[in-house]
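**Q** I'd like to ask some things about the structure below.
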Amino acid sequence: MSKPKLISFKVCPFVQRSVILLKEKGVDYDIEYIDVYNPPEWFLKLSPTGKVPIMQVEGTVLFESAVINEYIDEVYPPQIHPADPLLKAQNRAWIEYTSPLYMGTFNIIMSKKKEDMEKALEEFDKNLAGLEKAKQHKPWFNGEQLSMVDISAAPIFTRISFIKDHCKQDLLKAYPALQQWSDDLLQRQTVKDSVVDGFSDLLFNRMKDNESYILKNES
């Protein structure tokens, strides 16, 4: 089997969870980064949605990062999804629950207007409250065994940490279980290695270029 190849851009949160999973499994892979605002024609021909990430496997293109991760988990051992069908279904539901949080972090840091940023913060906080209630086990979502839910949450915590460091907004201050979960995930080597060199500078510069309200009005 040839190496899988990911195609994305350098600060994409969705590709980060695929990178984490590949690293957890020790899979050798390639990754190519494109300019998401000016994607090359060859990429648009490959991606059915025109979005990143995609993964090329044996001449076949997979898209949607959650689907990509399902494939990775099925093909490359050891399997991270639990064997129990009910627990697996529950985990898949919570992975889906994290999806709005990805867009939430984007809206928080990229909104140009105060009202848009505040709306994003309000919606994000509601989703965090639900996740706080669900995070009942330690250290990981299911307990001692790392799960796909943990991998799905990690890129969100990467960005929450960035927001705390660069925008002076502590989004987890009311959520101790999530804060501990974030600390545990961000200390894991595969998560550390899942972001590109200079990640914070790249994201910060994108915010500046976008005239981000939260950046201009940080305290």
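The values are calculated or read from the model by the stated rules, or taken from the named source; none is laboratory data. Bear in mind the structure is a predicted one, so any value in this text is a computation, not a measurement. So basically every Cβ, Gly included, is an ideal-geometry build from the backbone, and we count neighbours across all protein chains shown.
**Q** Can MET148 be described as of a type in the set (A, V, I, L, M, F, W, C), crowded, with 18+ Cβ neighbours inside 10 Å, farther than 29 Å from LEU22 by Cα and outside the structural domain of GLU64 (by TED's automatic domain parsing)?
**A** The answer is no for MET148.
Quick grid of which residues meet (1) within 18 Å of ILE95 (Cβ to Cβ); (2) surrounded by fewer than 17 Cβ atoms within 10 Å (Cβ to Cβ); (3) not aliphatic (A, V, I, L, M):
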| site | (1), (2), (3) |
| --- | --- |
| ASP30 | no, yes, yes |
| TRP42 | no, yes, yes |
| PRO48 | no, yes, yes |
| GLU74 | yes, yes, yes |
| ILE80 | yes, no, no |
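**Q** Which pairs do you get when a residue that is under 20 Å from ASN127 (Cα atoms), found in region 75-95, comes within reach of a residue that is surrounded by 11 or more Cβ atoms within 10 Å (Cβ to Cβ) and of a type outside the set (A, V, I, L, M), reach meaning Cβ atoms under 6 angstrom, with the pair 6+ apart or on two chains?
**A** Going by the 6 Å Cβ cut-off, the qualifying pairs are ASN91/SER147; ILE95/SER152.
**Q** Restricting attention to strands (runs of 3 or more DSSP E) lying wholly within region 1-117, give those where 1 or more residues are of a type in the set (Gly, Ala, Ser).
**A** 5-8
**Q** Further question: Test ILE95 against the stated conditions and say whether it is buried (at least 16 other Cβ atoms within 10 Å of the Cβ), of a type in the set (A, V, I, L, M), closer than 26 Å to ASP209 by Cα and not assigned by TED's automatic domain parsing to the domain that holds LEU46.
**A** Taking the combined requirement at face value, the residue does not satisfy it.
**Q** Suppose we keep only residues that are within 20 Å of the chain's Cα centre (by Cα) and among the aliphatic types (A, V, I, L, M) within region 50-72. Which one would you say is surrounded by the fewest Cβ atoms within 10 Å (Cβ to Cβ)?
**A** VAL67
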